[in-house]
Amino acid sequence: MRVCVATIVHHPEDARIAHRQIRALLDAGHEITYVAPFTDCNVTPDPRIRAIDVPRATGDHRRRALKAARGALSRGVEGADLLIVYDPELLSRLPRRRPATVWDVRGEAGATPHRALPSPARRIEARAEHRLHLILADDSYRDRFSLPHPVVPNTAWVPENPPARPGRDRVVHIGHLSEAGGAAELIETARRLLPHGIRLDLIGAAAAGVRPLLRDAQREGLLDWYGYVPNRHALRMAEGAIAGLSLPHDAPGHRPVPAKIIDYMSRGVPVVTTPLPAVTALVERAGCGIVVPFGDVGAVVRAVLTLRDDPTGAAEMGGRGHAEALAHHNWPDHAGAFVGRLEEWAGRPVTSGLEIGLLEAWHAI
């Protein structure tokens, strides 16, 4: 099977796209064409794939990427049996002649949350689900659609044995950094932990609004901010941390479990998290972390010090998290079903004229 995979929003090394889905397809013997912003992200394409470079769509600077997308997709689907797109923006740039098409519905990745989307964008989703194949990254996304669609959850490559025991001198945060994601609380946490000999490692790209704060904190010596690091390397960097932090703000509606939570668990790192309902349920059921109130930096610091001062308890907590991740959130256990579903869909016709209606609706937003 020949598969064209396309994104103009996500990093080419995105864990879900590159290190889980594309890897699963390659391991199954399928051929991959990958349309992604390699140059803008300074990424050398995997030699096993056919790469098509496009500009990256970020913030308000999307026009150039959108303009390039249609031509890139047209080249990408030549000879393909299946097209997978990851950005709602690409729904308005689908080639007229294309194979069966899949939209992977996931978190916003910097886009407008679904509940705040204008009605034309919501109409795009409604039209897409009746004309494309959809896969969802979380059960909570089912409420956005009227038809049932398969869920391919965000999981991790979980080693059989837990890595290094939690250490005593650093904590870690993996993933995108934003105001709503708790960037200010992370900086203040770093400030309060420093006198205790504990440093904070931030591993991830940042929204424009918080980058100056992070740079200032790094210059002040409060923390180490590494920027975007491919997931497989980020996980190795997280190993041996006292705790993995996840401090998003409260928000109305259901939120899925952030991928970073599963990442921490997969590496035997205890979790310190704010009480989003799905996260609280997972952490308390598995006994793999400490839940702290929203915005309470003091509670975060106390949780970290508790873990540092009880290395045996912290190791047991990390071990329980690893066991839970291995049993229920290990990507190899889901990869076969994902590939099988795509093989089933490959070659099915797609209703013609979809891109015209989507294009008109998208430009109306």
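The values are calculated or read from the model by the stated rules, or taken from the named source; none is laboratory data. It should be emphasised that the depicted structure is a prediction, and the values quoted were computed from it without experimental measurement. Cβ atoms come from the backbone with ideal geometry, glycine included; neighbour counts cover every protein chain shown. Side chains are part of the model used for accessible areas, which takes the heavy atoms of the whole protein and leaves out ligands, DNA and RNA. Shrake-Rupley method; radii C 1.70, N 1.55, O 1.52, S 1.80 Å.
At a temperature of 37 °C and a viscosity of 0.692 mPa s, determine how fast the stretch 159-219 diffuses translationally according to Stokes-Einstein, using the Kirkwood radius over alpha-carbon pairs as Rh; express D in µm²/s, rounded to the nearest whole number. So the translational diffusion coefficient is about 258 µm²/s.
For the stretch 5-112, GluC sites (Glu not before Pro) meeting the loop criterion (DSSP other than H, G, I, E, B) and having at most 15 other Cβ atoms within 10 Å: 78, 108. Accessible-area rank, largest first, for 44, 155: 44, 155, with all protein chains present and a 1.4 angstrom probe. Rolling a 1.4 Å probe over the protein heavy atoms leaves residue 16 with an accessible area of roughly 10 Å². Ligands, DNA and RNA left out, the accessible area of the stretch 45-97 computed with a 1.4 Å probe is 47% carbon and sulfur. Residue 172 sits among other residues whose Cβ lies under 14 Å from its own Cβ, and their net charge, with Lys and Arg +1 and Asp and Glu -1, is +2.
Between 0 and 90 degrees, the angle of helix 297-309 with respect to the longest Cα principal axis of the chain falls at about 70 degrees. Per residue, the average separation of C-alpha pairs within less than 8 Å and at least 6 apart gives the chain a relative contact order of 19 percent.
Relative to the longest principal axis of the Cα atoms of the chain, helix 332-345 runs at roughly 10 degrees. Charged side chains reduced to their Cβ positions (Lys and Arg at +1, Asp and Glu at -1) give the chain a dipole of some 880 debye around its Cα centre. The fraction of accessible area contributed by carbon and sulfur in the stretch 222-273 is 54 percent, rounded to a whole number (1.4 Å probe; ligands and nucleic acids excluded). The angle separating the long axis of helix 311-328 from the principal Cα axis of greatest extent in the chain is about 20 degrees. Per-residue extension of 0.36 nm, minus the Cα-Cα distance of residue 67 and residue 284, leaves a gain of 73.4 nm for this segment.
Annotation for residue 299 and residue 130: the two label points, set 7 Å from Cα along the Cα-Cβ direction, are 4.5 nm apart. What the chain shows is 43 Å² of accessible area per residue, with the surface traced by a 1.4 Å probe over protein heavy atoms. Report summary: the helix-based calculation at 222 nm, which adds -39500 (n - 2.57) for every DSSP H run with n ≥ 4 and divides by the residues of the chain, gives -11000 deg cm²/dmol.
Other residues with beta-carbon under 11 Å from the beta-carbon of residue 311 carry, at +1 per Lys or Arg and -1 per Asp or Glu, a net charge of 0. Considering only 293, 322, 47, and ranking their Cα positions along the charge dipole of the chain that arises from unit charges at the beta-carbon of Lys, Arg, Asp and Glu, the one farthest toward the positive end is 47.
Applying 1/(1 + (r/R0)^6) with r as the Cβ-Cβ distance of residue 139 and residue 344 and R0 = 25 angstrom yields a FRET efficiency of 0.75. You can think of it this way: the chain between residue 96 and residue 146 has 15.5 nm of extra reach, that is 0.36 nm per residue less the Cα-Cα gap. Taking a Cβ cut-off of under 12 Å around residue 284, the surrounding Lys, Arg, Asp and Glu residues balance to a net charge of +1, with basic ones at +1 and acidic ones at -1. Going 7 Å from the Cα of residue 219 in the Cα-to-Cβ direction, what parts of the stretch 170-194 have a backbone nitrogen less than 15 Å from that spot? Answer for this model: none.
Inter-label distance, residue 194 to residue 160: 4.4 nm, where each label sits 7 Å from its Cα along the C-beta direction.
Only the Cβ atoms of Lys and Arg (+1) and of Asp and Glu (-1) were treated as charged; on that basis the dipole of the stretch 183-313 about its Cα centre amounts to roughly 280 debye. Only protein heavy atoms count here; on that basis, with a 1.4 Å probe, residue 39 has an accessible area of about 100 Å².
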